[in-house]
Structures are given as C-alpha cells and as structure tokens.
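Q: For reference, the structure I am asking about is given below.
We did not get these values from a lab; they are worked out from the coordinates using the rules stated. From a predicted model like this one, the values you see are computed outputs, not experimental measurements.
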Amino acid sequence: MPPPVFRFAPSPNGYLHLGHAYSALLNFDLARRRGGRFLLRIEDIDATRCRPEFEAAIYEDLAWLGIAWETPVRRQSEHFAGYREAVEKLSAQGLIYPSFESRAEIARLVAQRETDGAMAARSRRRAALSGRGEIAVAG
C-alpha cells in the first residue's frame with residue numbers, strides 16, 4: 001500500500017491565521033507519524049486577490065512552524081490545461097450540465113438540503129435561462 005498523502009492548500013490572498021497554522025501542523029504531524037507524504041498546494045487561481053508577497057509569507061510562516069514539504073510546490077494556476085481535459089472527458093460521458101445558480105444560491109440550497117435532510121428543489125430560473133450558465137459537474 002502506498003504511503004498516505006497529506007496536504008495543506010492555502011490561498012495566497014492574505015496572511016496565514018491560527019486556523020491555517022493548526023491545519024498545517026495537524027497534517028504535517030499526521031504525515032510524519034504515519035510515514036506519509038506532506039504536500040503544499042498553493043490555491044492561486046483567483047488572480048485578482050492572490051499576491052506574491054502573501055505566498056512568500058506562507059513559505060516563511062510554515063518554515064517558522066518547523067513544517068517541511070515536498071518540492072516542487074503544486075500551484076493550481078499551472079494546471080488549467082489538465083482541468084480542461086478532465087472537464088472535456090466528463091462532458092463526453094454526459095456528466096456535466098449547465099448551472100444557473102450564483103454561489104450564494106448554491107450555498108443556500110446546500111444549507112437547505114442539510115437542514116431538510118433531502119435534496120433541495122432546483123432553482124426555477126434554470127428553465128427560464130436554458131442555454132446560459134456555468135459548467136457544473138454532476139455527482
């Protein structure tokens with residue numbers, strides 16, 4: 001059996017906070033105790049909010065905490081071609097459908113589903129807006 005893989009995936013859109021530090025330390029410690037791997041993945045796909053100085057601070061803060069990670073660091077922005085390929089494969093299998101809900105509406109539907117214990121009703125806008133929307137993966 002391959003060794004377990006643990007990861008920490010911060011977004012460089014601000015400085016790390018206590019919750020980030022806890023998550024990184026927890027995963028690093030689990031990787032060490034279980035003979036696993038610890039990966040650092042930088043969630044840098046939001047180009048408008050991510051900043052190089054925040055990414056540099058992430059590396060500095062993790063090193064200060066005594067956390068070591070495998071190199072190279074995986075940067076999400078360097079893998080868009082692979083993501084497109086995966087979407088095309090899912091599309092060819094008929095597993096993708098358009099979604100017309102905003103992020104806020106999706107969050108509301110998920111919360112409602114969790115509260116109701118059943119799948120929430122789809123937005124009525126879907127039928128009215130057919131042909132528009134973003135790609136969503138069926139699951």
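Q: Can you work out D for region 1-42 in µm² s⁻¹ from Stokes-Einstein, where Rh is the Kirkwood radius over C-alpha pairs, the temperature is 37 °C and the viscosity is 0.692 mPa s?
A: So the translational diffusion coefficient is about 304 µm²/s.
Q: Which length gain, in nm to one decimal place, applies between Y22 and L95 when the Cα-Cα distance is subtracted from 0.36 nm times their residue separation?
A: Net length gain for the segment: 22.6 nm.
Q: Given Cα pairs under 8 Å that are at least 6 residues apart, what percent is the relative contact order of region 5-79? Could the numbers behind the result be given before it?
A: Values: 109 pairs, mean separation 31.1, N = 75.
Computed value for region 5-79: 42 percent relative contact order.
Q: Want the number for E105 to E70: 0.36 nm per residue separation, take away the alpha-carbon distance, what's left?
A: Contour length minus Cα-Cα distance gives 8.8 nm.
Q: Suppose the chain between Y59 and Y15 were pulled fully straight at 0.36 nm per residue; how much longer would it get relative to their current alpha carbon spacing?
A: Additional length available on full extension: 14.8 nm.
Q: If you split all Cα-Cα distances of region 5-79 into 5 Å bins from zero, what percentages do you get per bin, shortest first?
A: The distribution over region 5-79 is 3, 17, 28, 26, 16, 7, 2, 0, given as percents.
Q: Take the Cα coordinates of region 67-112, assign each an equal point scatterer, and use the Debye formula without solvent to give log10 I(q)/I(0) at q = 0.19, 0.21, 0.33 Å⁻¹.
A: -0.85, -0.87, -1.04
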